[in-house]
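Colleague: Have a look at this one.
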Amino acid sequence: MIYSSIVKMKIRQTLDDANNHRWDKVTEALVPNAHHRVAGDHALGGVRHDKQSVRQWFERLGRVLPDLHITPADVTVQGWPWKTHVFAQWDSKAPLIDGSYYINRGLLVFILRWGRVYSIEEYQDTQAIAQALQAQSAAGVDEAGAEPIVS
């Protein structure tokens, strides 16, 4: 299906944009009241309900894990343009200041309507991200120990 292929390509491009800190591109398809949820009680956890807060979250991601690389493992698209569910499995890796590495695997679940992103839910090993953020905070990245961005 051509539609599914286009959506898969867009999701992969968005992950590449995140790898390269192109936050305008990452957030351009979000609706103004987009929902974004990441589990965990840490600087990257919490729930956001607007595009600006989601952008701030991505900007923080880039500051606390500046060399993060996300690799899409599989992208599945279900539905039609008026309501599309996208499931994107990913692997990620980032060197930490202390010389160790953050390594994680997760799943992004997107809800799209007519090419616009209404919802992003992220499922990952919350212990792994919390430990990486704790290491970054101990190494002097203050924002890695900050309260979550919520709205």
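Colleague: Being within 17 Å of Ile70 (Cβ to Cβ) and of a type in the set (Val, Ile, Thr) is the filter here; which residues of region 1-40 pass it?
Modeller: Within region 1-40, Ile11, Thr14, Val26, Thr27, Val38 meet the criteria.
Colleague: For region 41-51, how many residues meet the condition of being in contact with a strand residue (DSSP E or B) (Cβ under 8 Å, 6 or more places away or on another chain) and farther than 17 Å from Ile111 by Cβ?
Modeller: Step one: list which residues in region 41-51 are in contact with a strand residue (DSSP E or B) (Cβ under 8 Å, 6 or more places away or on another chain), which gives 44-51.
Next, from what is left, pick out any that are farther than 17 Å from Ile111 by Cβ: 44-46.
Number of matching residues: 3.
Colleague: Follow-up question, since we're still on this one. Within region 14-32, work out how many residues are more than 16 Å from Val109 (Cα to Cα) and free of Cβ contacts under 8 Å to residues at least 40 places away in the same chain.
Modeller: 9
Colleague: Let me ask something else. For Gly106, which of the numbered conditions (1) exposed (fewer than 14 other Cβ atoms within 10 Å of the Cβ); (2) under 18 Å from the mean Cα position of the chain (by Cα) fails to hold?
Modeller: (1)
Colleague: If you don't mind, there's one more thing I want to ask. Please work out if Ile129 is over 19 Å from Asp16 (Cβ atoms), touching a residue at least 12 places away in the same chain (Cβ under 8 Å) and in contact with a helix residue (DSSP H, G or I) (Cβ under 9 Å, 6 or more places away or on another chain).
Modeller: Details: over 19 Å from Asp16 (Cβ atoms): yes; touching a residue at least 12 places away in the same chain (Cβ under 8 Å): yes; in contact with a helix residue (DSSP H, G or I) (Cβ under 9 Å, 6 or more places away or on another chain): no.
Criteria not met by Ile129.
Colleague: Could you tell me whether Lys25 is surrounded by fewer than 15 Cβ atoms within 10 Å (Cβ to Cβ), closer than 23 Å to Val150 by Cα and of a type in the set (Lys, Arg)?
Modeller: Details: surrounded by fewer than 15 Cβ atoms within 10 Å (Cβ to Cβ): yes; closer than 23 Å to Val150 by Cα: yes; of a type in the set (Lys, Arg): yes.
Judged against the criteria, Lys25 is a match.
Colleague: Where the second residue is of a type outside the set (Gly, Ala, Ser) and part of a helix (DSSP H, G or I) and the first is free of Cβ contacts under 8 Å to residues at least 60 places away in the same chain and lies in region 48-76, which pairs have Cβ atoms under 6 Å and are six or more apart or on separate chains?
Modeller: Final answer for the pair search is Arg55/Trp23; Arg55/Thr27; Phe58/Trp23; Phe58/Val26; Glu59/Trp23; His69/Asn19; Ile70/Leu15; Ile70/Asn19.
Colleague: Sticking with this one: Could you tell me whether any residue of region 101-110 is in contact (Cβ under 8 Å) with a residue 24 or more places away in the chain, touching a His at 6+ places or on another chain (Cβ under 6 Å) and in a strand (DSSP E or B)?
Modeller: Looking through region 101-110, none of the residues is in contact (Cβ under 8 Å) with a residue 24 or more places away in the chain, touching a His at 6+ places or on another chain (Cβ under 6 Å) and in a strand (DSSP E or B).
Colleague: Against the condition loosely packed, with under 14 Cβ neighbours inside 10 Å and among the basic types (Lys, Arg), how does Lys83 come out, does it pass? Don't jump to the end; show me each part of the working.
Modeller: Values: loosely packed, with under 14 Cβ neighbours inside 10 Å: yes; among the basic types (Lys, Arg): yes.
Yes: the conditions hold for Lys83.
Colleague: Could you please let me know if Asp91 is surrounded by 15 or more Cβ atoms within 10 Å (Cβ to Cβ) and out of contact with any helix residue (DSSP H, G or I) (no Cβ under 8 Å at 6 or more places or on another chain)?
Modeller: Values: surrounded by 15 or more Cβ atoms within 10 Å (Cβ to Cβ): no; out of contact with any helix residue (DSSP H, G or I) (no Cβ under 8 Å at 6 or more places or on another chain): yes.
Judged against the criteria, Asp91 is not a match.
Only the coordinates and a few stated rules stand behind these numbers; no lab work does. Remember, predicted model here, so these are calculated numbers, not experimental data. Cβ: placed from backbone, ideal geometry, glycine included. Neighbour counts: every protein chain shown.
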